[in-house]
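These notes are about the structure you will find just below.
Where a number appears in this text, it was derived from the coordinates with a stated rule and is not lab data. These numbers were taken from a predicted model, which means no experiment stands behind them. Quick reminder, even Gly has a Cβ in these numbers, built from the backbone with ideal geometry, and neighbours come from all protein chains shown.
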Amino acid sequence: MASVFFSDSWAQEVRAALDTGPDDAALAAKLPQYWDSYDVVRAQYTSSWALGVRNLPGGDRYLYIAWSGYFVRECRVLASAEPVEASYVITGDYAAWKALCEGYDALRTILYRRLTVEHGELLEFFKTIYFFAESLVLVAAVPTEFKRS
């Protein structure tokens, strides 16, 4: 059964997906050197993301993800009144997130600015863009239910 988008249970499923990493099909679809580079970044990654969704029925929300080396240290939906503090604040509207979760390409989502970095050091962020893109793929693969507005 799918969890509701931006619910606490969805956040825990996202965490599990990120900790597990790409599956065998994803690994086979790209050169081993690509995944070697991904693993180097992931092994030393210590930044945090606040992934925001605008126009969400019920108000804007953020998913906070903090990395500690290879695994996620914390993954939770921020309470509405909670300050949004992360190394990178990355937001998109509800339609962009829904499209991503329904199969729209993660790299195109980034390149076409459907998700944008609103806070954080851009140069440092883009040094690890493939890691972020692959993480978005994992987030999008979590079975997700979207409430009707």
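Tilt of helix 129-141 relative to the longest C-alpha principal axis of the chain, in degrees (0 to 90, nearest 10)?
50 degrees
Just to be sure I understand: of the beta bridges DSSP finds with both ends in segment 3-143, what percent are antiparallel, rounded to 5?
Bridges in segment 3-143 that DSSP calls antiparallel: roughly 75 percent.
Of all trypsin sites (Lys or Arg not before Pro) in segment 33-113, which ones are in loop regions per DSSP and have a Cβ with at most 12 other Cβ atoms within 10 Å? Mind dumping the intermediate values first?
Details: sites: Arg42, Arg54, Arg61, Arg73, Arg76, Lys98, Arg108, Arg113; in loops: Arg113.
When the trypsin sites (Lys or Arg not before Pro) of segment 33-113 are filtered for loop state and at most 12 Cβ neighbours within 10 Å, Arg113 remain.
Quick one: work out Rg over Rh on the C-alpha atoms of the chain, Rh as Kirkwood radius.
Value, to two decimals: 0.93.
So which aspartates and glutamates pass the test for Lys147, namely a Cα distance under 12 Å, with those fewer than 8 places away in the same chain ruled out?
none
Assuming R0 = 41 Å, what is the FRET efficiency of Lys30 and Glu85, from their Cβ-Cβ distance, to the nearest 0.05?
Using R0 = 41 Å, I get an efficiency of 0.80.
Going toward the positive end of the dipole of the chain, with +1 on Lys and Arg Cβ and -1 on Asp and Glu Cβ, which of Asn55, Ala17, Leu107 do you reach last?
The listed residue farthest towards the positive side: Asn55.
For the chain, what relative contact order do you get, as a whole percent, if you take Cα pairs closer than 8 Å and at least 6 residues apart?
Taking the mean separation of contacting Cα pairs over the length of the chain, I get 30 percent.
What is the magnitude of the charge dipole of segment 3-143 about its Cα centre, with +1 placed on the Cβ of each Lys and Arg, -1 on the Cβ of each Asp and Glu, and no other charges, expressed in debye to the nearest 20?
240 debye
Check the straight Cα-Cα distances from Lys127 and name the lysines below 30 Å, setting aside those fewer than 8 residues away within the same chain.
Here the lysines satisfying the reach criterion relative to Lys127 are Lys30, Lys98.
Quick one: length gained pulling Tyr130 to Glu118 fully straight, 0.36 nm per residue minus the C-alpha distance?
Working: separation 12, 0.36 × 12 = 4.32 nm, distance 1.85 nm.
Result for the pair: 2.5 nm of gain on full extension.
To the nearest Å, what is the center-to-center distance of segment 91-149 and segment 29-50, using C-alpha atoms only?
Rounded to whole Å, the Cα centres lie 16 Å apart.
Rounded to the nearest 500, what is the chain's calculated 222 nm mean residue ellipticity when only DSSP H runs of at least 4 contribute -39500 (n - 2.57) each, over all residues?
Roughly -12000 deg cm²/dmol at 222 nm, from the helical runs in the chain.
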